[in-house]
Amino acid sequence: MAPQTRRMTFPNVVIERDTDSERSSSDEEEEEEEEDHEEEEEKVVDNKNEERMEESLEAKKKGKTPITISLKKVCKVCKKVGHEAGFKGATYIDCPMKPCFLCKMPGHTTMACPHRVATEHGVIPAPRRNTRNPLEYVFERQFRPRVLRIKPAFVIPDEVTCAVIRYHSRRITCLEFHPTNNNLLLSGDKKGQVGVWDFGKVHEKMVYRNIHSCIVNNMRFNPTNDDSVYAASSDGTISCTDLETGISLSLMNLNPDGWQGRSNWRMLYGMDINSEKGLVLVADNFGFLYLVDTRSNNKIGEAILIHKKGSKVVGLHCNPVQPELLLSCGNDHFARIWDLRRMETGSSLYDLAHKRVVNSAYFSPLSGSKILTTSQDNRLRIWDSIFGDLDSPSREIVHSHDFNRHLTPFKAEWDPKDPSESLAVIGRYISENYNGAALHPIDFIDISTGQLVAEVMDPNITTITPVNKLHPRDDVLASGSSRSLFIWRPKEKSELVEQKVERKIVICDRAEKKRSRKHGNKSDDSDDDKFTSKGKKLKSNKPEWKLTRCSGKVKR
DNA sequence: AGGATATGACTCC
DNA sequence: TGGAGTCCCTATCC
C-alpha cells in the first residue's frame, strides 16, 4: 500500500473553550497577570476557530469527521458542561444536577443540605401518641424500670489514642468482643479468616485461616463456653471454633454438593444465639431461617421463609429480655419481629417498612424494648417501644452511611454500657474537610434526639470505617476499616498500651514463612490462589503484621 | 501515577 | 422474572 502523509489523513481539530467565569484556581492565578491581554487573545482564538470551522465544514463535505477537543469544563458525574464535580483538595464538590447525596432530596447539594449543616442531624420527631394498649401497660411495669429515667450526660473524652493493627488480607466484615476477657477482640474478614487480638498485650494475635472459605458475615460467642465462637459465612456453613485449640467444627453446610452455579449457592448472613433455648439461628441469601440445636448440633425442622423469597436476610437478633422475640432484617426493605414459638412464613408480629435495604436491626441491649435499624436510604430509624405503635418509627435520623459495593455495610451499634439506651455508634461514609484532610469520622449519635454527640477521627486514618463495636464494659471502641483494626480509648486510660508502642512495631509474616520453609514445613500462611471472573490469576496479597499508634481527636 | 479490579443494588425493558 | 447497564467521596496492587 502506498504510504500516506499525515497531512492528508489527519482530521481537522476544533477547539472549544469555556467562555464563562468558572475556572480552576490555578488557572485564575495565571490569568490574573494576563488579564490585560485576554480580550485581544480571545479575538485571535475566535478568528482561528472560525477558520477551523470553515475547514471542518469543508472536511465534512469531503467525508472526514473533525475531532473536537473540548477545553470546557465537563462534569464527570452528569457529563454536562459548565461545572465540575469531585474533590477540590479535601472538599468534595457535588454535582448540582444530582439530588443531595446525604438526604437524597432534590433541590440542594450535600454541602448545603440542612442535615449536614445542623449540629443535630436531621430528625423526624416522634409523633405524640396517646394510644395506650395492654402491652404498653406491661412494658411500663416490667421493662421501663430497666431503662434509666434521667439520661446521664455522655462522658466524651477530648482526645483518644488509637492502636492500628493490620493482619487481615481482605477487608474486615465483623467484630466481636470476648464476653469475659476484656482485652480480646475477634475480627472476621472477607476471605473467611478470623483474627483474635489481645490488644492488652499488643503483640499477641492469632489468625485462623481455615475456618471459612469466604466472607465471615457474623460471629457470636457461645454463651455457655467463653472459648468457643460461632461464625456464619458466605460459604454456606456455620462454624464453631475453640479458640484455645483452634479446632473448628462445621454445624451446618448448605452447599454439600459444592458449586452448582450462582443461583444455587447458598450463603449465610444473619446469625444470633438464643441461649435460653439453646439455639443458633442463621439466615441465608434466599430469605430462609435455619435453627440449629447447640447441644446436638442438629438442624431443627425445615428452613422457614422469613423474608421475600430470593432476598438476603442480613441480620438476626434475639431480644435480650424476651427470649422468644426475634428481630430479622434484610434486602426486601423490611425488618420483622417474630415470636419464636410460632415461626411460620407470614406469621411475623410486625413488619417494619424501610425505603431501602436494611443493613442491621437490633433490640436495645438492656431492656430490649427499643429497636434501632440502619438502612441504605441514609437513615437510622428508632422505635422507642416495641410495645407501642410500630406502624412508623419514633424517629428517623439522617446520617451518611450509603452503601458502596466495595465496602462492608454500615451498621449502627448500641453502646451496651449506656443505661439510658440512647447512644449509638456508626461510621460515616461522606468525608469532611478537617484541616485539609478528607476524613471519615466515626459518629456517636444520641438516638433519642438525633444529636451528633461526638465524631472520632484521626488524621492518619483516611479510610472509611464501616465496622464498629463498643466494648461491653470498658471505654473502648473497636473499629474495622478496610484491612485494618483500630482500638480507640480515652487518652488518659491508655498507658498500658502506650509504653509498648512508643515506636512502630513491625513483625513481618514473611519472616515466619521463610523460617517454616527452611524447616521443611508447608506454611499454613500460604494464600490460596485467587482468580478473577475471567479466570485470570490474581497475585496473592503480601501478608503483613503491623501495628502503629496515633492520636485522634474527638469533635463535639 | 494511574489503570485494573474486587463486586451489590437497583432500574429498565 | 431475568439480564444488561448504571452507579457521586473505595482501597489496593502493580
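The listed residues are A:Ile426, A:Ile430, A:Ile382, A:Ile397, and the only one of them that is part of a loop (DSSP other than H, G, I, E, B), touching a residue at least 24 places away in the same chain (Cβ under 8 Å) and more than 16 Å from DNA strand B (Cβ to nearest atom) turns out to be A:Ile430.
Within the stretch A:53-94, being more than 9 Å from DNA strand C (Cβ to nearest atom), at pLDDT 60 or above, in a loop (DSSP other than H, G, I, E, B) and open to solvent by 80 Å² or more (accessible area, probe 1.4 Å) holds for one residue alone: A:Lys80. With the requirement that a residue be small (Gly, Ala, Ser) and either free of Cβ contacts under 8 Å to residues at least 60 places away in the same chain or surrounded by fewer than 16 Cβ atoms within 10 Å (Cβ to Cβ) (or both), what does the stretch A:328-354 give you? Within the stretch A:328-354, A:Ser328, A:Ala335, A:Gly346, A:Ser347, A:Ser348, A:Ala353 qualify. On the stretch given as the stretch A:319-338, residues that are within 16 Å of DNA strand B (Cβ to nearest atom) and not hydrophobic (A, V, I, L, M, F, W, C) total 5. Here A:Arg356 clears all of (1) more than 12 Å from DNA strand C (Cβ to nearest atom); (2) not in a loop (DSSP other than H, G, I, E, B) except the condition numbered (2). Pull up the stretch A:370-404, narrow it to residues that are within 14 Å of DNA strand C (Cβ to nearest atom) and open to solvent by 10 Å² or more (accessible area, probe 1.4 Å), then point me to the one that is farthest from A:Ser448 (Cα to Cα). Looking at residues that are within 14 Å of DNA strand C (Cβ to nearest atom) and open to solvent by 10 Å² or more (accessible area, probe 1.4 Å), I get A:Asn404.
So that you can scan it fast, the table gives a plain yes or no per residue for (1) free of Cβ contacts under 8 Å to residues at least 40 places away in the same chain; (2) more than 30 Å from A:Ala163 (Cβ to Cβ):
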position: A:His203; (1), (2): no, no
position: A:Ile211; (1), (2): yes, no
position: A:Phe221; (1), (2): no, no
position: A:Thr224; (1), (2): no, yes
position: A:Val229; (1), (2): no, no
position: A:Thr241; (1), (2): no, no
position: A:Gly261; (1), (2): yes, yes
position: A:Met267; (1), (2): no, yes
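Test A:Ile426 against the criterion of being β-branched (Val, Ile, Thr), surrounded by 19 or more Cβ atoms within 10 Å (Cβ to Cβ) and more than 15 Å from the chain's Cα centre (by Cα), and give yes or no. Against the criterion (β-branched (Val, Ile, Thr), surrounded by 19 or more Cβ atoms within 10 Å (Cβ to Cβ) and more than 15 Å from the chain's Cα centre (by Cα)), A:Ile426 does not qualify.
Per-residue answers, yes or no, for (1) at pLDDT 95 or above; (2) in a strand (DSSP E or B):
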residue: A:Gly192; (1), (2): yes, no
residue: A:Val202; (1), (2): no, no
residue: A:Val207; (1), (2): no, yes
residue: A:Asn210; (1), (2): no, no
residue: A:Arg220; (1), (2): yes, yes
residue: A:Val229; (1), (2): yes, yes
residue: A:Ala232; (1), (2): yes, yes
residue: A:Ile238; (1), (2): yes, yes
residue: A:Thr241; (1), (2): yes, yes
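Test A:Val229 against the stated conditions and say whether it is in contact with a helix residue (DSSP H, G or I) (Cβ under 7 Å, 6 or more places away or on another chain) and either among the charged types (D, E, K, R) or away from DNA strand B (no atom under 16 Å from the Cβ) (or both). Against the criterion (in contact with a helix residue (DSSP H, G or I) (Cβ under 7 Å, 6 or more places away or on another chain) and either among the charged types (D, E, K, R) or away from DNA strand B (no atom under 16 Å from the Cβ) (or both)), A:Val229 does not qualify.
The values are calculated or read from the model by the stated rules, or taken from the named source; none is laboratory data. Here the structure is a predicted model, which is why all the values come from computation and not from measurement. Positions of Cβ are backbone-derived with ideal geometry, glycine not excepted, and every protein chain shown enters the neighbour counts. Heads up: the accessible areas ignore ligands, DNA and RNA and are worked out on the full protein's heavy atoms, side chains in. Shrake-Rupley method; radii C 1.70, N 1.55, O 1.52, S 1.80 Å.
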